[in-house]
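In what follows, a structure is listed as structure tokens, so that the remarks can point back to it.
The values are calculated or read from the model by the stated rules, or taken from the named source; none is laboratory data. For clarity, every value in this text was computed on a predicted model and none was experimentally measured. Methodologically, a virtual Cβ is constructed for each residue, glycine included, from the backbone with ideal geometry; neighbour enumeration extends over all protein chains shown.
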Amino acid sequence: MGNPRSESNKGDQVKFQEELKDNIRKALPELDVVIGWCGSFDPLHATPHFMRREEDIDKLEISPLSVHNLATYLPGLRGKKVGIVVKGCDSRSVVELLQENLINREDITIFGFPCTGVVDQSKIKKALGGHTGNIEFCDMSESVIVIKSEDKAYTLPMAEMLADKCSSCRYPDAVISDYFAGEKIGNKGEEDADYAAVETFENLSVPERFGYWLKEFDRCIRCYACRNACPLCVCRDHCAAESRDPHWLSQENNVRDKLMFQVIHAYHLAGRCTECGECQRACPVDIPVLMFKQKMNKEIRDTFQYEAGVDPEATPPLLSFKMKEENITEKVW
Amino acid sequence: MNTSLNYAYYPGCSSTGTSIEYDMSSRAVCAALDIKLTDVPDWSCCGSTPAHTVDHSLSSALSARNLDQVASMGLDSCITPCPSCLANLKTAKHRMEDEGFRDKVNNLLDKPANTKIETKSVLQILVEDYGIENIRKKVVKPLTGLVVGAYYGCILNRPAELMQFDDREHPMAMDNIMEALGATVVPFPLKVECCGASFGIPRKDVVMRLSGKLLDTAKSIGAMALVTACPLCQMNLDMRQDQINHANGSHHKIPIFYFTQLLGLALGLTEKELGMNKLCVSPRTLLDFMVNEENIKEKAA
Amino acid sequence: MPVLTGKELRIVGFLCNWCSYGGADTAGIGRFNQPTDLRIIKVPCSGRIDPLFVVKALMNGADGVLVSGCHPRDCHYAEGNFYARRRLEIMHNFLPIIGYEPERFEYTWVSASEGQRWQQVVTSFTEQIHKLGPAPKILGPEASDTLSLMQAAL
Amino acid sequence: MKVGVFVCHCGSNIEATVDTAAVAAAAREFPGVVFATDTMYTCSEPGQDEIVNAIKEHNLGGIVVASCTPRMHEQTFRRTVERAGLNKYLFEMANIREHVSWIGKDREANTNKSVDLVRMATEKLLRNRPLYSKKFDINKRVLVIGGGVAGIQAALDCADGGLEVVMVEKTSTIGGKMAKLDKTFPTVDCSSCILGPRMVDVAQHPNITLYAYSEIEEINGYVGNFEIKVKKKATYVNWDSCTGCGICMEKCPSKKATDYFNEGIGKTTAINIPFPQAIPKKAKIDPDFCTKLTKGKCGVCAKVCPSGCIDYEMQDEFVTEKVGAIVTATGYDLFDWSVYGEYGAGRYPDVITGLQYERMLSASGPTGGHIKRPSDGKEPKNIVFIQCVGSRDKSVGRPYCTGFCCMYTAKQAILTKDHLPDSQSYVFYMDIRAVGKLYDEFTRRAMEEYDTKYIRGRVSMIYPKGEKLLVRGADTLMGSQVEVDADLVVLAVGAEASAGASELAEKLRISYDSYGFYMEGHPKLKPVETNTAGVYLAGACQGPKDIPSSVAQGSAAAAKVLGLFSKDQLESDPQVSIVDIKRCIGCGKCIQTCPFGAIKEMEFRGMVKADVIETICQGCGICTSTCPQGAIQLQHSTDNQILSEVNALCQF
């Protein structure tokens, strides 16, 4: 994890959580709803929490289980006065939605807090031997997660259970907020982006890379959870994946169309994706679909020195141009 | 100014004979300007001898061998006073860009030819690397009163694509140097004309006609002397001046200097170091005249 | 028709109507011989070319894709090729992650008067694709169909 | 849709390297195709009739013709299918001539490729929809850019035809290059005597608005409705009150200004009227040389001007004009001959250009019609003309023939003898290109009656020899070297596109070749049209031309404009984008990227949606490739149509 937690951190967490609740209490009378997280069906999971009344606020829980990017709900609530609790990464999605005029700034109240990372449930599941039924107890400190499941106790190192995006997180604090509870950790810019994983993968041979994806996508069930979880897949019911006009993809069960869809997804997110990782988190068969988007972002950064989700006023690079492109060297024949 | 100019030096075969004064003065001038020259070890003929009309690969192999010698010195560039050598060294490098030709050359060599070494003329590095303004600063004995024309000959900067130096029709490198040395430079209209050197042996009459025209023109524009940068040009105009006069019924007595000789003079080097005594048309009167002019000027000041 | 085995590979070209399609015509009028692999799809402007068409072509079995538009500043629609340049460049650089050599896809600019340039572009691009050889083809519903073939090829 | 396919032999143009019968046979197997045949000349009348008959007989819903490029005959065949009662967009072409039969001789590969192209066209056709044009009003005014002889001709013809004309000229007078000429070939009649009255007509014509000393800043819009922003450059003289009396010129103390009109032969005053017959006859100040403007001192002209029209504070001014068509007549400029080191690269004052010589010959020129050496003002005796300077010379990047230099050199040789009977002219030439009525006879006269010595060969060197110039060249007919002691050397410098031609082309959205000359719509059949509707070409901007050709093209362009404006309304191209309102999510990315502002936001049941303004949309399709969900589709090039083409090609 990129942001070392001190032992006093847990106390802080309680403190900023109270501060956050106070903030929401102050703002709620003016709002239709505030979205946060609360406990779920078992102690190891959280769930999105829609707060409409004052008493709902008490149930708000911020923890490494607050994995969901709640910005995904915003376009659907357009026209309502909405409050939203955001991690640093979630806030970048809000910025993107604002940039694309898909939500109105005056309708949105943003509650930020210093995020120290969220867990990757797939990693925990793996550590628990592949099944996560009957979780009886879960407690988290800065360094470990203690889980009791079916009479067995597990003590897992937190650092190893964090989502990959958190270990290389550059935006722990919300980049845009109306209220910020707690102390800011400090954000870093696009030049610090770490694409080591992409680069390692690109060092594989051409057939290795191609074969890798064929194998990975072989188990894709075309459920489109990746798309539905994506806060920037704003086409919703009109996704090119399921349309006949334009007819980009067939509805057949073939690996070609599965792969093609991921390229479409990555390209449609070019210059927009904030790498919140929801697509990969949502994938029920654990296909590493985030890599395509990371590669796209790497190219966008290298070519245009641009990063999505930082400035609501910016124009995304593929919707603009320069007469002379400094970083594009065209082929000479 | 680059304070550490350091070059491999390829003298070429004329420097040991007909143009020994060019070699002497080039070395002397470079020493006086703190330009370090290191002779290419065990250098041999560049191949611009009749070889190049008979066998291109042999001619280029000769050049390639010398370029390899330069590489063995750990240097990546080499200079030579002689335009003919320069042209052949450059031509060899250019021809060897073709893979088939390079293979032919490599067959004649003991090891694969080096194709990276850059070559330049002494004139070019003085103008481009050392700089005329820096030369101007070093002048101790200006060439006061000397009216001179600069004659470049036909191969010093042509073909332009190959030689990559100065203007192919209107070079000014030597004109500018002479001006910096305090001489009065008269534009020499025939500065890139042929002196007839390639016909030097079989058709002397051509040389008489072409070189004669150069001398006639020099006289008509009032040049007291010509400066050259080519051993062949210099030889035709200087050594053959008597023959030309004889053939054309003219009475020229125009000293033909290497530009390095006059440059050396202005830098304060001795006539002996510069090989002034090697010239066929004696420059004595002219040299004395310049000294005299300088004295008059100093007195007036 | 199936590609002529041993002779041709499948190369798809997307050409803008105003410059490059005209340039290809000019090359034809000038009888400038070219390899026969390329099949040209005419689009109004290079800005009309969704880079996903390129991927679609590759995934459907093309061995190479060539895009050509008007030279920068000469776009009939003023700005189309400027957008195209950004989008196609990004897609060009993206391709390796999927497992396509980026050289399978090039974009360039050829004006309606540049018949000779067109001939040169087609010739050297075709050579480039032949040097790479056929692209992997995705066959059948299951990955194993393709993978076993790839294995055999390796 | 039942599809019919016609595979054209084009005589032997296609048939020689494509088995058209086999292509037709293969096409019969394609889904949708119910009829396929090969025909000798599909574009001929019987060929077209065959299509019409097949449509009726087989009840065809769409046609594919595999023949030449659609740039050649798409319009032809669209009319054919329309004649048979189909919508003209239910037609596709497969280009098996320019893209197949003409570029390779391998019959097997060509046939194979042709089948692919026909399948592609068929697949696209199956997704074509009937499209219908909209009518829109047009503005029957025409803009003529450039006031040379071609522009003048176009403007006068249009104006006489009843159109309002706006003429924009870069310099302070119209007349162009022709106004600088002394005489014209082959009649040797006085140039300004024939051009002058035409210039006056422009000034006096009630239908013509002239903006001299002005440039095109910006062009927006489309055929029928262009909006032009004209920059009126500051002249520092109020032209409304300037009478052209010329007192300012007489009194101006700054007499060293570059005389552009006289091609730098001689100098002029900082405030000047370029020549006595200038139209408009108004003074302007050259700010580079006016000491009032450069140093703040002087002000003489303001003092002497009887109508008080000097304004040193004048700024550039912009005006907007609305027109429906544009004639471009920007002419040519001379090649920069200073790249020729062997001619002295400009070092020798007595080596001049033909146009400079022309000014010298002109009675109203700086020497009053006397031929004088620029160096010493002496009368020359031996005059050498060198042709093809910057023409037919690959080494300087000008491989084309300028075409009129042979003729003007002959004219100048003749005039030289008239001016200086004791003189001797020499002409170094490569070939004599005297194609035209009375042209060859004219060059013969120069040789035979005026004793001009024509030497076939190039000049290798010019160098000064005393006061003279020694010109050395080859006489390739004699196989010998020639040396001429010349007093004056006149270079027949070739033409290139006028300075700024490419920038203007970008504003007009028309194409130009690598030399900057504008591309005509078709080299044979559309010589004055461009590929941009409503923009026409006249004169040397399209390629070097002599006066008669320029005038002819000026008239031709005018005829095209008059033809275009003979209707009150034009039909819009229906190949525009449309928005599928259900799919649009109102993100506005298409609005952001449309270069024409053709998409606007609209409100639909409380939601924001995109909406295309059909008459503004130019059909580029940037919006379609921008919209992620494919909600905005360029008709006739929809995603599905292009995808079907991709699929047709990549199914094996």
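Couple of notes before you dig in:
- Any hit, region D:465-478, residues being of a type in the set (D, E, K, R) and within 13 Å of the chain's Cα centre (by Cα): no
- Taken over region C:35-61, the criterion of being surrounded by fewer than 24 Cβ atoms within 10 Å (Cβ to Cβ), touching a residue at least 60 places away in the same chain (Cβ under 8 Å) and over 30 Å from D:PRO523 (Cα atoms) is satisfied by C:MET59, C:GLY61.
- All positions within region A:104-131 that are among the basic types (Lys, Arg) and either in a strand (DSSP E or B) or not assigned by TED's automatic domain parsing to the domain that holds A:ARG78 (or both): A:LYS123, A:LYS125, A:LYS126
- Just one of the numbered conditions (1) modelled with pLDDT of 95 or more; (2) away from chain D (no Cβ under 14 Å); (3) touching a Phe, Trp or Tyr at 6+ places or on another chain (Cβ under 8 Å) is not true of B:ALA218: (2).
A quick yes/no check of all residues on (1) assigned by TED's automatic domain parsing to the domain that holds D:CYS620; (2) over 15 Å from the mean Cα position of the chain (by Cα); (3) not small (Gly, Ala, Ser):
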site: D:GLN542; (1), (2), (3): no, no, yes
site: D:ILE547; (1), (2), (3): no, yes, yes
site: D:ALA558; (1), (2), (3): no, no, no
site: D:ARG583; (1), (2), (3): yes, yes, yes
site: D:LYS589; (1), (2), (3): yes, yes, yes
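- Scanning region B:153-185 for residues that are in a loop (DSSP other than H, G, I, E, B), under 19 Å from B:ASP238 (Cβ atoms) and more than 12 Å from every other protein chain (Cβ to nearest Cβ) yields B:GLY153, B:ILE155, B:LEU156, B:ALA183.
- Among the conditions (1) within 24 Å of C:THR26 (Cα to Cα); (2) of a type in the set (A, V, I, L, M, F, W, C); (3) more than 9 Å from chain A (Cβ to nearest Cβ), the only one that C:LEU149 does not satisfy is (1).
- Residue list for region A:1-18, restricted to those being at pLDDT 65 or above and surrounded by 15 or more Cβ atoms within 10 Å (Cβ to Cβ): A:ASP12, A:GLN13, A:PHE16, A:GLN17
- Applying the condition of being touching a residue at least 60 places away in the same chain (Cβ under 8 Å) and crowded, with 23+ Cβ neighbours inside 10 Å to region C:92-113 and asking which residue is nearest to the chain's Cα centre (by Cα) yields C:TYR107.
- Residue satisfying all of: in region B:176-204; out of contact with any helix residue (DSSP H, G or I) (no Cβ under 8 Å at 6 or more places or on another chain) and surrounded by fewer than 22 Cβ atoms within 10 Å (Cβ to Cβ); nearest to B:ALA218 (Cα to Cα) among these: B:VAL186
- Within region B:59-152, helices (runs of 4 or more DSSP H) holding 3 or more residues that are crowded, with 18+ Cβ neighbours inside 10 Å and of a type in the set (D, E, K, R): B:83-95
- In region C:6-34, the residues that are more than 7 Å from chain D (Cβ to nearest Cβ) reach residues that are among the hydroxyl-bearing types (Ser, Thr, Tyr) and in a helix (DSSP H, G or I) with C-beta atoms within less than 6 angstrom, at least six apart or across chains, in these pairs: C:LEU15/C:TYR21; C:CYS16/C:SER46.
- Given (1) surrounded by fewer than 16 Cβ atoms within 10 Å (Cβ to Cβ); (2) away from every other protein chain (no Cβ under 12 Å); (3) in a helix (DSSP H, G or I), number of the condition B:ARG209 does not satisfy: (2)
- D:ARG509 meets all of the listed conditions (1) within 13 Å of chain C (Cβ to nearest Cβ); (2) crowded, with 20+ Cβ neighbours inside 10 Å; (3) at negative phi; (4) basic (Lys, Arg) but one, namely (3).
- Looking across A:ASN134, A:ASN101, one residue alone is on the phi > 0 side of the Ramachandran plot and either buried (at least 17 other Cβ atoms within 10 Å of the Cβ) or in the same structural domain as A:ALA174 (by TED's automatic domain parsing) (or both). It is A:ASN101.
- For region D:169-185, a residue qualifies if it is within 14 Å of D:PRO548 (Cα to Cα) and under 18 Å from the mean Cα position of the chain (by Cα), and the qualifying residues are D:LYS177, D:MET178.
- Those residues of region C:36-67 which are more than 7 Å from every other protein chain (Cβ to nearest Cβ) and either over 16 Å from C:ARG104 (Cβ atoms) or out of contact with any Asp or Glu (no Cβ under 9 Å at 6 or more places or on another chain) (or both), in sequence order: C:LEU38, C:LYS42, C:SER46, C:VAL54, C:LEU58
- Checking D:PHE136 against (1) out of contact with any Gly (no Cβ under 8 Å at 6 or more places or on another chain); (2) of a type in the set (Phe, Trp, Tyr); (3) surrounded by fewer than 24 Cβ atoms within 10 Å (Cβ to Cβ), the condition it does not meet: (1)
- If the condition is being within 14 Å of chain C (Cβ to nearest Cβ), among the aliphatic types (A, V, I, L, M) and farther than 26 Å from C:ALA24 by Cα, then region D:22-75 contributes only D:ALA25.
- Within region D:554-619, strands (runs of 3 or more DSSP E) holding 1 or more residues that are free of Cβ contacts under 8 Å to residues at least 40 places away in the same chain: D:599-604, D:607-612
- Filtering region C:127-150 for residues that are modelled with pLDDT of 95 or more and crowded, with 21+ Cβ neighbours inside 10 Å leaves a non-empty set.
- Per the listing A:GLU325, A:GLU299, the residue uniquely outside the structural domain of A:VAL95 (by TED's automatic domain parsing), more than 19 Å from A:SER93 (Cα to Cα) and part of a helix (DSSP H, G or I) is A:GLU299.
- Flag if D:ARG78 is within 9 Å of another protein chain (Cβ to nearest Cβ) and either assigned to a helix (DSSP H, G or I) or buried (at least 24 other Cβ atoms within 10 Å of the Cβ) (or both): no
- Options D:TYR357, D:TYR400, D:TYR408, D:TYR439; residue that is in contact with a strand residue (DSSP E or B) (Cβ under 6 Å, 6 or more places away or on another chain) and not assigned by TED's automatic domain parsing to the domain that holds D:ALA538: D:TYR357
- Residue in region A:273-292 that is within 14 Å of chain D (Cβ to nearest Cβ), closer than 20 Å to C:MET91 by Cα and in a helix (DSSP H, G or I) present: no
- The residue of region D:86-116 that is farthest from the other protein chains (Cβ to nearest Cβ), among those that are of a type outside the set (Lys, Arg), free of Cβ contacts under 8 Å to residues at least 24 places away in the same chain and under 22 Å from D:PHE30 (Cα atoms), is D:GLU108.
- Candidates D:GLY62, D:GLY85 - the one that is outside the structural domain of D:GLY521 (by TED's automatic domain parsing) and either closer than 24 Å to D:GLU645 by Cα or of a type in the set (D, E, K, R) (or both): D:GLY62
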